[in-house]
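Taken together, the values in this text are just the output of simple stated rules run on the coordinates, not laboratory data. For clarity, every value in this text was computed on a predicted model and none was experimentally measured. Positions of Cβ are generated from backbone atoms using ideal geometry, with glycine treated the same way; all protein chains shown enter the neighbour counts.
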Amino acid sequence: MFPESLWTTDLIMRPIALGDAAAIFDEYAQDPEVTRFLTWAPHEVLADTEAYIARCLASPNARTFTLLGRRDRQLRGAITIRRPVPGRVGFGYALSRRSWGQGLMTEALTEVASWAMKQKGIWRIGDVCDVENTASARVMEKAGFEREGLLKRWIVHPNLSDVPRDCWSFARTR
Ligand SMILES: CC(C)(COP(=O)(O)OP(=O)(O)OC[C@H]1O[C@@H](n2cnc3c(N)ncnc32)[C@H](O)[C@@H]1OP(=O)(O)O)[C@@H](O)C(=O)NCCC(=O)NCCS
């Protein structure tokens, strides 16, 4: 249903664990620049990050992977793979600010897409990003996703506004 772990040139992706809470809290979960376009508010206390990880671990249709630098084993971010319905995979991701702009999420998403497109019965991997999240749109483009169109008033990004915002939809299919 989900990979056990995935490896790229620069990253190890392994299932998130409660023991990651302190590193995730310190590295990015409190950072309003990282959470700007996410569906959750910046964490205020370590218990917020622990609760987030507990929710990840309890989700039957998704698995969240911690991204570690392959050489230094430092925590860089996380990527979630979702299987909301048969035949289709979705995802979400975030990186600590000091890890931005090094091609890391393009590398991670390319690997996830390559895994997905090899799975029997999966025909589509895709997700959305806020219309202003240029870095995320670029990551999906660089990972070979097609920009399918603009979904008007699609998702609330509560750190920006309390009404649904327009999102770009991206997908790879086979
Ligand atoms: C989105 C995010 C994961 C990108 O990760 P990353 O490893 O820095 O991405 P990459 O280095 O692989 O590629 C980023 C691309 O976006 C471009 N980019 C970044 N910020 C940009 C901006 N403000 N305007 C235009 N392009 C931008 C970079 O130049 C790069 O493209 P290039 O290689 O053609 O130059 C990272 O910025 C992040 O964690 N953001 C906060 C969380 C988030 O928004 N998650 C996605 C929710 S949909």
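Data table
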| quantity | calculated |
| --- | --- |
| Convex hull volume per residue in cubic angstrom - Cα atoms of segment 6-123 | 102 Å³ |
| Segment 75-165: radius of gyration over Cα atoms, expressed as a fraction of 2.2 N^0.38 Å | 1.12 |
| Table column - 3J(HN,Hα) (Hz), segment 108-116, Karplus curve with 6.51, -1.76, 1.60, x for Gly and Pro | 5, 5, 4, 5, 4, 5, 5, 4, 4 |
| Sum of side-chain charges, Gly144 neighbourhood, beta-carbon under 15 Å (Lys, Arg +1; Asp, Glu -1) | +1 |
| Amide hydrogen neighbours beyond the local backbone of Ile16, cut-off 5 Å, H modeled | Thr64, Phe65, Thr66 |
| Cα centroid separation - segment 38-62 against segment 75-117, whole Å | 17 Å |
| Linear extension gain, Lys118 paired with Arg138, 0.36 nm per residue minus alpha-carbon span | 4.9 nm |
| Simple spin-label estimate for Leu57 and Ile155 in nanometres, 7 Å along Cα-Cβ | 2.5 nm |
| Calculated from backbone phi, Karplus (6.51, -1.76, 1.60) coupling profile of segment 20-35 in Hz, x at Gly/Pro | 7, 4, 4, 5, 5, 4, 5, 7, 8, 5, 8, 7, x, 6, 6, 8 |
